[in-house]
Amino acid sequence: MLQYIICFFISMVPLIELRVAVPTGLAMGLDPRILYPVCILGNMIPVPIIFFFARKVLEWGKDKPIIGGFFTFCLEKGHKGGVKLQEKTGQGLYVALFLFVGIPVPGTGAWTGTLAASLLDMDFKKSVLAIVCGVILAGIIMGVGAAGVLSLLHM
């Protein structure tokens with residue numbers, strides 16, 4: 001049980017998220033039928049908090065000494081990236097969000113995707129659906145990759 005709890009909390013950590021938690025759990029020999037839902041839930045818990053509050057925190061801190069420059073940078077970068085993404089994808093913005101979260105590349109994931117959705121003023125429910133589907137896809141990709149690596153190590 002403790003190992004599942006560890007994987008749950010790993011899934012909540014920004015940048016590594018479920019992409020590290022799933023291979024870690026599989027390496028520990030955990031049952032994938034339990035591991036996947038645990039990691040998906042852990043990865044999704046921060047999503048509403050990020051969606052509704054991260055932008056407010058960034059806007060609050062943009063004119064503060066020390067943190068202001070970084071917060072302004074995050075807001076400007078997110079806005080510019082969002083506008084560019086909207087221009088390129090048009091109606092396919094939620095599909096792009098799904099793929100952004102689902103393809104496990106450094107710098108992508110539920111945290112970053114949720115922040116982008118918030119900065120773009122995307123619909124919360126549609127964004128969460130795209131993000132959870134992306135998290136599931138990332139989990140499958142990481143699980144298949146980890147299973148392949150683990151099977152090679154046991155040869």
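The values are calculated or read from the model by the stated rules, or taken from the named source; none is laboratory data. From a predicted model like this one, the values you see are computed outputs, not experimental measurements. Neighbour counts run over all protein chains shown; Cβ positions are idealised from the backbone, glycine included. Quick note on the areas: whole protein, heavy atoms, side chains included, nothing else; ligands and nucleic acids left out. Shrake-Rupley method; radii C 1.70, N 1.55, O 1.52, S 1.80 Å.
Of all residues in the range 16-36, exactly one satisfies the criterion of being under 14 Å from VAL135 (Cβ atoms) and not in a helix (DSSP H, G or I), namely ILE16.
Can you tell which of PHE100, PHE71, PHE52 is more than 18 Å from GLY134 (Cα to Cα) and in contact with a helix residue (DSSP H, G or I) (Cβ under 6 Å, 6 or more places away or on another chain)? Before the answer, list the steps.
Working: PHE100 fails: more than 18 Å from GLY134 (Cα to Cα); PHE52 fails: in contact with a helix residue (DSSP H, G or I) (Cβ under 6 Å, 6 or more places away or on another chain).
That would be PHE71, the only listed residue that is more than 18 Å from GLY134 (Cα to Cα) and in contact with a helix residue (DSSP H, G or I) (Cβ under 6 Å, 6 or more places away or on another chain).
Reported count of residues in the range 21-43, each being surrounded by 14 or more Cβ atoms within 10 Å (Cβ to Cβ) and either in contact with a Leu (Cβ under 6 Å, 6 or more places away or on another chain) or in contact (Cβ under 8 Å) with a residue 60 or more places away in the chain (or both), is 9. Against the numbered list (1) outside any helix (DSSP H, G or I); (2) surrounded by fewer than 19 Cβ atoms within 10 Å (Cβ to Cβ), THR108 comes up short only at (2).
Per-residue answers, yes or no, for (1) loosely packed, with under 12 Cβ neighbours inside 10 Å; (2) part of a helix (DSSP H, G or I); (3) in contact with a Cys (Cβ under 9 Å, 6 or more places away or on another chain):
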residue	(1), (2), (3)
PHE51	no, yes, no
LEU58	no, yes, yes
ILE66	yes, no, no
PHE73	no, yes, no
GLN86	no, yes, no
GLN91	yes, yes, no
LEU115	no, yes, yes
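Here is the figure for the range 119-139: residues that are of a type in the set (A, V, I, L, M) and over 14 Å from the mean Cα position of the chain (by Cα) total 3.
Checking the condition within 30 Å of ILE6 (Cα to Cα) and over 12 Å from the mean Cα position of the chain (by Cα), which residue from ILE66, ILE34 passes?
Numbers: ILE66 fails: within 30 Å of ILE6 (Cα to Cα).
Step by step, each of ILE66, ILE34 is checked, and only ILE34 is within 30 Å of ILE6 (Cα to Cα) and over 12 Å from the mean Cα position of the chain (by Cα).
Identify, please: which residue in the range 2-20 is open to solvent by 50 Å² or more (accessible area, probe 1.4 Å) and over 10 Å from the mean Cα position of the chain (by Cα) and is, among those, modelled with the lowest pLDDT? That would be VAL20.
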